[in-house]
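The values are calculated or read from the model by the stated rules, or taken from the named source; none is laboratory data. A quick note: this is a predicted structure, and the numbers were derived from the prediction, not measured. Glycine also receives a Cβ, built like all others from the backbone with ideal geometry; neighbour counts cover every protein chain displayed. We work out accessible area using only protein heavy atoms, side chains counted, and drop any ligands, DNA or RNA first. Shrake-Rupley method; radii C 1.70, N 1.55, O 1.52, S 1.80 Å.
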Amino acid sequence: MTESLRAALGADRDPEFAMLLPEGWARLDASDESRDLLLARLRERLMAAHRPDLWAAARASVERAFAGLRRSGGVAVMMQLEREGDAPFVPASVTAAIETGPDGATLDDLVAGLIARGATPLGEDRRFIRLETREVRTEEAVRIGVTTVRYLTPVPGSGRRRALLLTAVLPHEPDTPEDDPLLAATRFAIDAHVATLRWLPPGSSTSDTAGAGRA
């Protein structure tokens with residue numbers, strides 16, 4: 001099969017993926033329109049929750065995520081847009097991007113580097129390796145803590161030359177303990193939903209992945 005025929009048939013395209021999302025979350029593309037929608041809804045929710053102190057951090061996190069997605073040919077952004085009743089609003093986001101091996105090489109060196117930094121399998125789901133880090137940043141003169149969780153899984157049929165990287169960013173106050181109930185529950189929920197990821201057959205659509213509890 002010639003390269004042009006392979007491309008016409010979609011043989012060189014990465015398969016689409018789907019995953020269940022937490023309640024109130026939506027999956028959006030990496031467009032400016034999606035970014036502006038997220039920022040507007042995020043500001044509204046934080047103000048309603050009387051947490052203006054988190055706005056600068058959350059805005060910077062979203063803008064950085066979208067800029068990074070565009071640079072890396074990102075696939076999607078997933079974030080909470082709605083909340084039910086008195087459920088807390090969590091200014092966390094998950095971005096999806098494709099990692100490619102240099103010059104057609106495998107990503108084995110990248111995986112080895114992540115493992116050397118402490119990455120481990122995602123529970124019993126050995127499709128993923130998971131790396132969690134924590135840092136304190138200053139965003140617009142406000143110090144914030146940021147917990148980042150990265151999940152890497154190979155793209156089927158790529159010979160380990162391409163992988164899907166999901167990056168969860170959880171901003172919080174600098175002194176928030178690692179076992180803080182809301183932070184721990186958010187990490188657990190994102191882990192659980194990442195584990196639902198499945199690859200779709202060619203030609204499948206992800207247009208119905210935006211609703212909570214839908215893949």
When a/c reaches 1.5 or more, the comparison of a/b and b/c decides; with that in mind, is the chain rounded, prolate or oblate per its Cα gyration tensor? prolate
Which distance in nm do the two modelled labels at residue 40 and residue 184 give, with both placed 7 Å along the Cα-to-Cβ direction? 3.9
Rounded to the nearest 10 Å², the accessible area of residue 93 at probe 1.4 Å: 10
Centre separation in Å (Cα based) which lies between region 86-115 and region 37-78: 18
5 Å is the cut-off here: which amide hydrogens, built 1.01 Å from N in the peptide plane, fall below it relative to residue 27, excluding neighbours closer than 5 in sequence? 210
What relative contact order, as a whole-number percentage, does the chain give when Cα pairs under 8 Å and 6 or more residues apart are counted? 30
Accessible-area composition of the chain, carbon plus sulfur, in percent [1.4 Å probe]: 52
Difference of contour (0.36 nm per residue) and Cα-Cα distance, residue 109 to residue 53: 16.2 nm
Out of 150, 162, 71, any idea which swings most in a Gaussian network model of the chain, alpha carbons joined below 10 Å? 71
Please work out whether region 79-156 counts as rounded, prolate or oblate from its C-alpha gyration tensor, where a ≥ b ≥ c are the square roots of the eigenvalues and a/c under 1.5 means rounded, while otherwise a/b larger than b/c means prolate and anything else oblate? prolate
Output the relative contact order of region 63-177, whole-number percent, from Cα pairs under 8 angstrom with separation of 6+ residues. 25
How large is the charge dipole for the chain, taken about the Cα centre, if only the Cβ atoms of Lys, Arg (+1) and Asp, Glu (-1) carry charge, to the nearest 20 debye? 400
